[in-house]
Structures are given as structure tokens and as C-alpha cells.
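Colleague: One structure, as C-alpha cells, below. Some questions next.
The values are calculated or read from the model by the stated rules, or taken from the named source; none is laboratory data. All figures in this text were calculated on a predicted structure; none of them were measured in a lab. With ideal geometry, Cβ positions are generated from the backbone for all residues, glycine too; neighbour counts draw on all protein chains shown. Each accessible area value is taken on the protein alone, full model and side chains, heavy atoms only, with ligands, DNA and RNA left out. Shrake-Rupley method; radii C 1.70, N 1.55, O 1.52, S 1.80 Å.
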Amino acid sequence: MLIFLPVIGFILYIFLGTGFRISKRKHYALKALADDVYNSDVTKRLNLGRSRVYLREHEQASRLLTYLKNQGDGDFTDNNAAEIYTDGREMFDQLLLDLRQATKHIHIFFYIFRCDRLGREILEILKSKATEGLEVRLMYDSVGTLMAFDTPFRELKQAGGQVEAFAPIFSNINSHLRLNYRNHRKIVVIDGVVGYVGGMNVGCEYIGEHKKLRPWRDTHMRITGSAVWFLQERFLMDWCYASETDMVEIDIPTYFPEPLELGTTPMQIISSGPDTFESPIKSGLLSMYYAARKNIYIQTPYLAPDESVLDALRIAARSNVDVRMMIPRISDYAIVHLATLGYARDLQALGVKIYMYNGFIHSKTSVIDGSVATIGTTNMTNRSFTLDFEVNAFVYDNDFAERCEAIFHNDEKTSFLLPENYFGKQNIFRRASYNFARMLAPMM
């Protein structure tokens, strides 16, 4: 736009691009201060601090765990159980069951919440629970979900539920008429004891019913244990920001009850976004990649990272670490897919094995050495690392990491390992399209 329409392009960039960056950063700095106070109070009242024994016993994860604790306010908990879902229908079947069994409150945030068949099924349960007197809070991103006035949302409000859009584009002082700084998180917390986080939004495409993008593969987690407290905390902080309400006194018994199901899986819930000084999730990924000694397996639907990520993967690959990355064969955004292939070309030249999944893989996962894994909402793009609000679970457990490795290897069976001459055989116009798309990478 700046090249072909200089004047109009500049004006559009002000409103739709980074815009009044200093003003917006200052605004999110205030949000960060309020979040820090809330986080400190919750942490203090929950008496967390069990990480020292774990640090002594798990040397490889200790630096990553400590870094994320210091930079991302990601308190460590080691009494969790986690289920991994790679089939959307199975995940949503379990989610619907958990929603029906809720007795106190339901907190839901999705970047995309479609009012299709799946969305209406969820909304019917939410309306029923709100009618029963449960606290039901539903939040969505105003860009990801352009449906603020749809009848189903009004019906949920009429039933007693609360609905909020995160940073509406045109109706809120927080929006500044721009499309950046979106909340890309997906969080569900039920009664404070069951939590969900991962790559799946609410829409029939996530259960395999997209007309063109088939098969659609994603990864999501269901968590029980104390880690749910930090999904709860993140939701409440985002809710208070979106609803423009002050942080109320923390009701520990209601929102942060003692876990009903205890496991042995250690993990941290880490958030990042424009309200963080650094990008804790990106830095956590970098720490993982630099710590790897045997292998790194990555799945991402979009690939447009900065030089720091490329350097980390290059150094790992040149250090005889088996680095594998899986990207989709087809994508929902053509220009982003071209950029993805352009970066994949460079990574392959550095020694990274590139697998092309035979369909659309929307999973956002990394696992190293069968010991540390992360699943969440963060794509391998600059937008996810710096502009969007994201959340990931970092898990320090061999059994869990080995399950993630097994999922990757199973996906390899329906993927195509790009040969070394794959990109070299393409014509000049195809290669030029990659380079053109990469010019737009900072916006992706």
C-alpha cells in the first residue's frame, strides 16, 4: 500500500498498522501494571513456590523454567493432569460434557466464535447454565469474531450471561480504529478446576467440516490441577480489561478452589502480548531450541519468524540436532502460505527437515528431546510474537513430551518430506512470489 498508494497507504497504515504505537504501548503498560498487582496477589494468597525441588532434579528444564517464572509471571505447578486432543470432534465432545457438568461458573474466551452448528450447541448450554444461575462469561476478539450483534449472543445476555468483545474496532477508546493488537488466546475455565488451552477456535472447520481445508488438524489440551488457576487468572485479567472494570477483590474459594483431580505433570501457563516488556513465549521457545541436544519437532500453520528464531534453529541444525518442522500443504491465507514456503526454503537450506502435512495443520506445538513441550495459541510469526495476545502451556514431563513426539511422527505418515531440490526445481515466478510475500512478513 505504501508503494502503490503512497498518500492513502500512509493514512491506512496509521489506522490499520502500528499506528500510534507509543500511545498504544503506554495504554497496555497501564494494563500490565494492573495485571502485575493482580498476579502478585493471587500468587501470594495461593502460597505457590514448589519449584526448587524440581529445579534440582531436572537440570535441562531448570533455566527455561526459571526464565519464564522471572519474565512471564508463569508460576510453576507440579500437580497437574493433561490430556492432548488432535481431533476436534473429540475435544469439543469433552468440552460440551464439561460445560454441562458445570456447577458454579463458566469462563470462555475464543479468538473466533462462530455461530454455526457447533457454536450454537455451545451457546445453548451456556444459556441453560445462565438460566440456572451460574456465572457465565463469554469473551471473543472483535476482529476474529465479527458478529457482536448476532441474535445468539443477545439471547445469552437475556438469559443472564455476560458477553464482551475484546478491544472493539470502532466503539471503544482502547481500539484506536486499528486491526492490530488482537487477542488470539483460546481459554476455557469451568468451576476453576477444569481448563482448556490450545489452537482450536469455535467453528465447524475445527471438527473437520471445512469445504476446502481438509483434513484440518489441530492440537488442544484439557488440564486439571493447579495450572488451571493461571488460565483462570489470565481470563479474569483480560475480562476486566475488555469490560473496562476494575479488578475486584479476589474471591479465592470461588475462582481458585483446590484442585479436585491431582496429577504429577509439571507445567507453567505463560502469556505474552503487547502488554509485556519482552515476549516471554518467544523467549521460552528460543530457550527450548538452544537447550535441545537430540531433536526439535515443530508444528505451525504459519511461518514468518524473525532472525532470532531462524538463528536458533540454524545453530541447532548445524549442531547435529534433528530439527523437523511441519507446515500445511494448503492454507486459509494464500499470501501467508507463500511467505511460509519462503521461510521453509531458507530453513531447509540451513539443515531443517521440512514436512508438508497433506491438508491444513493448525497446530502450534514444539517439543525437544522427549522432555519439554509446549502447546498453545502462538504461531511462528512476528505477529504472534509481538502484536497479538497469546497463551501457551510449557510442560516439563517426559511422558507428555513423548506423547507429543508420537503425535508428530504419526502426522509424518500423512506428510511429505520436501526433498533437498524441492525449491530449486521451481520456476522463477514461483520463487519471486515467495520473496514478495516475505516483504509482508512483518505484518503477518
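Colleague: Could you identify the single residue in Arg403, Arg438 that is over 18 Å from Pro328 (Cβ atoms) and in contact (Cβ under 8 Å) with a residue 60 or more places away in the chain?
Modeller: Arg403
Colleague: Hey, another quick one. If you scan segment 335-371, which residues turn out to be small (Gly, Ala, Ser), open to solvent by less than 10 Å² (accessible area, probe 1.4 Å) and over 30 Å from Asp399 (Cβ atoms)?
Modeller: Ala339, Gly342, Ala344
Colleague: Here is a follow-up. For segment 392-415, state whether one or more residues are open to solvent by 80 Å² or more (accessible area, probe 1.4 Å) and aromatic (Phe, Trp, Tyr). Before the answer, list the steps.
Modeller: Taking segment 392-415 as the starting set, the residues that turn out to be open to solvent by 80 Å² or more (accessible area, probe 1.4 Å) are 398-399, 402-403, 410, 413.
If we keep only those that are aromatic (Phe, Trp, Tyr) as well, we get none.
No, segment 392-415 contains no residue that is open to solvent by 80 Å² or more (accessible area, probe 1.4 Å) and aromatic (Phe, Trp, Tyr).
Colleague: Now, a different point. Just to verify a result, which residue in segment 184-206, among those that are hydrophobic (A, V, I, L, M, F, W, C) and part of a loop (DSSP other than H, G, I, E, B), is nearest to Ala393 (Cα to Cα)?
Modeller: Met200
Colleague: Let me ask something additional. Given the conditions (1) more than 24 Å from Phe389 (Cβ to Cβ); (2) surrounded by fewer than 20 Cβ atoms within 10 Å (Cβ to Cβ); (3) not charged (D, E, K, R), and given that Thr245 satisfies all but one, which numbered condition is not satisfied?
Modeller: (1)
Colleague: Pairs needed: first member in segment 263-287, more than 20 Å from Phe235 (Cα to Cα); second member anywhere, buried (at least 20 other Cβ atoms within 10 Å of the Cβ) and of a type in the set (D, E, K, R); C-beta distance under 8 Å; at least 6 residues apart or different chains.
Modeller: Going by the 8 Å Cβ cut-off, the qualifying pairs are Thr264/Asp397; Thr265/Asp397; Pro266/Asp397.
Colleague: Can you pull out every residue in segment 117-166 that is surrounded by 20 or more Cβ atoms within 10 Å (Cβ to Cβ), of a type in the set (Gly, Ala, Ser) and farther than 18 Å from Gly203 by Cα?
Modeller: Ala130, Gly161
Colleague: Give segment 193-233 a look and list any residue that's under 17 Å from the mean Cα position of the chain (by Cα), among the charged types (D, E, K, R), at pLDDT 95 or above and over 13 Å from Gly376 (Cα atoms), or say none.
Modeller: Arg217
Colleague: If Asp322 passes every condition in (1) surrounded by 18 or more Cβ atoms within 10 Å (Cβ to Cβ); (2) in contact with a strand residue (DSSP E or B) (Cβ under 8 Å, 6 or more places away or on another chain); (3) farther than 19 Å from Leu440 by Cα; (4) not polar (S, T, N, Q) but one, which one does it miss?
Modeller: (1)
Colleague: Shifting gears a bit: Restricting to segment 276-315, name every residue that is closer than 19 Å to Ser371 by Cα, crowded, with 24+ Cβ neighbours inside 10 Å and hydroxyl-bearing (Ser, Thr, Tyr).
Modeller: Tyr297
Colleague: Report, by residue number, each residue of segment 76-93 that is among the hydrophobic types (A, V, I, L, M, F, W, C) and open to solvent by less than 20 Å² (accessible area, probe 1.4 Å).
Modeller: Hits for segment 76-93 are Phe76, Ala82, Met91, Phe92.
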